[in-house]
Structure formats: C-alpha cells, structure tokens
Amino acid sequence: MKFVTTKLIRLTGMLTVVLSALLAGNGAAQSSSAPYTAVAGKQVVDSMATILRARYADADTGAMIAAHVQRRLNDGAYARIADWGQFVRLVTQDLQSVNEDTHLFLQVGGGPAGPGGPGGPAPNASHGLEAVERLDGNVGYFRMTNFLGGQPAFDAIKGALDILSVTDAIIIDLRNSRGGSPAVANFIISHFTGPDTTLSLLVYDRVRGTTVSRYTMKDVPGPRRPDVPLFVLTDDVTRSAAEDLTFVLQNMRRATIVGTRTAGAGRNNASVPLGHGIVGSVSFTRVMEPGTRREWERVGITPDLQTHRDSALAVAHREAIKRLIAGARGEAARKQFELTLQGVEAKYAAAARSAQRLTASAELTRYVGTYEGDQTVSVTGDRLVYQPRVAQPREPLSTLGDGVFTSSAGRYRFAVHGNDVTLSIINPDGSTSTFRRLSTTVPERRR
C-alpha cells in the first residue's frame, strides 16, 4: 500500500491468515456443502479445538475454550441441531461464553471469515463509508460502518476528508461499526496527527512469537488536520478496527469520545477452514497501548462523554459548536456560533420529541426477546431491530407481512405458537435455520 511508511507495520485486512497447515491430516480439508450430520459437526468442533490450543492469543485460555466446546459437544448440547446455520450460531455462543471474545466464531462459507461473523451484514460497495456531510455550524460529519481494506477504500476516505477539509470541526461516527482493517484505522488517525510519526500500538503475535510496533504515518495523501476539534461517536457495537481508531485517538488526547462503552473486541483474528464448508475465526494477537500495555479486549473503551447511542450525535454536535464558540475570533463570530447552537439544540429537541411519539404495534412487540444463539429482537420507534449476537451491527427490519421481515442482511420469519415464538432465518440458497425464543427480554448490554 503506497501510503504506508517504512515504520508502519502492515496488518493486512483483519490479519486474516489461513492456518491450513495445522489442519493437515485431521480431516479438515474444505469440502463441498453437504447436509449437517452429528459426525460432521464433531469433526468441525474437534478441528476448531485443535486450532485454539495451538494458536489462540493466550495459550491457557485457548485450551480452556477448546475443552469447554468439546465438553458441550459430548454433553449433547448440539444433538438436536438440524442444519449448519443452527450449528455455527450455537457453537459460536459457546466459544464466546468462556471469555467473551467476539472475534471468536464459526460461519458457513468457504471464504475468509469477515469482521461481521455469522449473521452479520455483508460489507457494501461504499467501502465502509456511509455518509459525508456538513452539519450546521460548519461541522463536518462522516460515518463508517466497516473498515474495508484496499486502495478503493483509502481513496474513498481521502475523498471524504477532502470534502470536509474546509469544516471547523469534525465528527467521526463509528456507531454500529463492525471494524475490519487496522491499516484503515491508522490511515484515518494519521490525517489528524502531526507529520512526526508516533508509536501508537504494540501487537503481540502468538503465531510468530513476536511483538511489533505500529506508528502513525509520516505522509498522508489527504488533508492533515492535527488541530481541528475532533469527536468520535461510539456504541456497544463499535468493535475491532473501529475501536483501534477510538483507542489511539483517546490515548493521544486527540479526540473527544462520545456515546457508550465499546464492544471490547481488541484482538486480530485469523480465518481457518475447518471442513464441511465451515470457517472458524480465531484470535491470535494481543493489541496494547505502548506505555502501559493496556488492552481494550473485553473491557471496551469508555467514552469521555457518556450518553445513549441514539443521542451521541446531538451531544457531539453541541459540544463541537461550544468548542468553536470558545475559540471564536471576534464578537461577531462568537454571536453567530451562539445563534447556531440555539438552532441545533432546538432541532435535536424536536427530533427527540418526535421519536418518543412513535409507538410499535402489538404485532411487533410480540416478537421481542432473546433467541437461541444469542440473537435478539427489539423495537426502536415503530420498527423491529435484529442483532445477530453481541457486538454485531443492529439491523432495522422492514415488514413484508405475515410475520416476514427483511433487511439489508437477509430475510426473517417469525412464527407464534401460543406463548412460544420461533425465528427462522431464510438463507440465500432458500434454506432456513430456525431458533426458539428463550426470553422476552433484551439486555441493554449482553456482556
């Protein structure tokens, strides 16, 4: 990548490395898709356990997770599974239950496991950049839902930063962002720091037995703005490379973080073929602050200004204008910013009142709850919202009628049988995976 300096350690993609050599001779070679069987499921679990013991970032923890999932298998936890869709979700839930590592999962598919994991929405053609605009008060805003690597993504980000180069403050919205490439995180960070390279992270790699250093970039292709007031919005889905950006900017005291505590997905992962068309994601690095060796894995990042995820933009926008008022040159400029602040506060107050008036129908509320595989369905305003598991993006659902809903990630069918509710996920090939509702409640933070 031409924008990387000699000091920058290149962490390709999600550090996706296929460790197929470890699987030689254990029956885990990729095969064509076939119906789920208990024998095939055991082979996949055993293959995943082998990888965990050999390559997980913490050796002792990897052995514990491997033993736990094999014990669950032997206890019959997966005995009633009907298809691979059910299998990957239930095994993923057990994999994560030991130490809440959200980079640890299984998914159906022969390709590398992406940052979303099982059930997550696919990256789109916008290279992760979802919105770029100028807000009232000349405050720049851009939103990223994933950090896709590759030159097109860098070009798109540079274009966004070019557009916002004339703004007086900038808000980076990372709510509902599932991460991706750490190189993209460093690319953005470097546009808001000075030209002197700064050590920002240490990455311990158990596979290689080495610790490498990552520095900010000396040269950047877009506008370098080391002094512009900067705000980053987060929520409990903000994860992985999105947390990388948040963690570094907060440690440098370069940005004000606004929102809720992040997901705590602080390790890089490798994608491993496990056989029968199943891919496993395994964490194999530890990412640390250089001075203290502090990590954000599991604990997440606590914002400087804590507020509900839905109000984070309003809070950051107001704070940005207050910062501009404080630094205004001349009385006229100060008064103009004060008038702008009044208008912004009135706009957000009106939007909040409007949101409170939205009510969900009885049909929607009957589907709310927690389903097998740590999936949840909630209501926001007058829409159902589906979340495939903890730290995964929330997907607003649109109704198609008769209990069937759709989103950008897939199609979902609910069935009510007395007090019991099931959720069927309709896969692209037309098959379905069905899950029982376990509870009518949805914890605010399922960690």
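Things to note:
- Qualifying residues in the range 412-433 (those that are out of contact with any Lys or Arg (no Cβ under 8 Å at 6 or more places or on another chain) and modelled with pLDDT under 95) - the one nearest to Ile81 (Cα to Cα): Ser431
- Within the range 34-58, being small (Gly, Ala, Ser) and out of contact with any helix residue (DSSP H, G or I) (no Cβ under 8 Å at 6 or more places or on another chain) holds for Ala38, Ala40, Ala57.
- Residues in the range 164-197 that are in a helix (DSSP H, G or I) and not hydrophobic (A, V, I, L, M, F, W, C): 5 in all.
- For the range 105-156, the tally of residues that are over 29 Å from Ile51 (Cβ atoms) and at pLDDT below 90 stands at 4.
So that you can scan it fast, the table gives a plain yes or no per residue for (1) within 21 Å of Arg394 (Cα to Cα); (2) at pLDDT 95 or above; (3) aliphatic (A, V, I, L, M):
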position	(1), (2), (3)
Glu319	no, yes, no
Leu324	no, yes, yes
Leu341	no, yes, yes
Ala352	yes, no, yes
Leu358	yes, no, yes
Thr376	yes, yes, no
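- If you filter the range 287-323 down to residues that are basic (Lys, Arg) and in contact (Cβ under 8 Å) with a residue 40 or more places away in the chain, you find that the one that is nearest to Leu201 (Cα to Cα) is Arg293.
- For the range 27-53, the set of residues classified as touching a Gly at 6+ places or on another chain (Cβ under 6 Å), surrounded by fewer than 20 Cβ atoms within 10 Å (Cβ to Cβ) and at pLDDT 95 or above consists of Gln43, Arg53, listed by residue number.
- Selected residue (criterion: farthest from Ser181 (Cα to Cα)) from residues of the range 198-256 that are assigned to a loop (DSSP other than H, G, I, E, B) and of a type in the set (Val, Ile, Thr): Val228
- Entry remark, the range 54-89: residues being surrounded by 16 or more Cβ atoms within 10 Å (Cβ to Cβ), of a type in the set (Lys, Arg) and more than 25 Å from the chain's Cα centre (by Cα) number 1 in total.
- Per-region count, the range 93-105, residues crowded, with 24+ Cβ neighbours inside 10 Å and within 16 Å of the chain's Cα centre (by Cα): 5
- Residue in the range 213-222 that is touching a residue at least 60 places away in the same chain (Cβ under 8 Å), basic (Lys, Arg) and in contact with a Leu (Cβ under 8 Å, 6 or more places away or on another chain) present: yes
- Filtered residues of the range 136-163 (kept if surrounded by fewer than 19 Cβ atoms within 10 Å (Cβ to Cβ), on the phi < 0 side of the Ramachandran plot and in contact with a helix residue (DSSP H, G or I) (Cβ under 9 Å, 6 or more places away or on another chain)): Asp136, Lys158
- Thr262 meets the conditions (1) within 19 Å of Ser177 (Cα to Cα); (2) in contact (Cβ under 8 Å) with a residue 60 or more places away in the chain in every case but one. The failed one is (2).
- When Ile325 is tested against (1) closer than 30 Å to Val390 by Cβ; (2) in contact with a Phe, Trp or Tyr (Cβ under 9 Å, 6 or more places away or on another chain), only condition (1) is not met.
- When the residues of the range 141-163 are filtered to those that are assigned to a loop (DSSP other than H, G, I, E, B) and of a type outside the set (S, T, N, Q), the one that is nearest to Ser240 (Cα to Cα) is Leu148.
The values are calculated or read from the model by the stated rules, or taken from the named source; none is laboratory data. Note that the structure is a prediction, hence the values are computed from the model and not measured. Neighbour counts run over all protein chains shown; Cβ positions are idealised from the backbone, glycine included.
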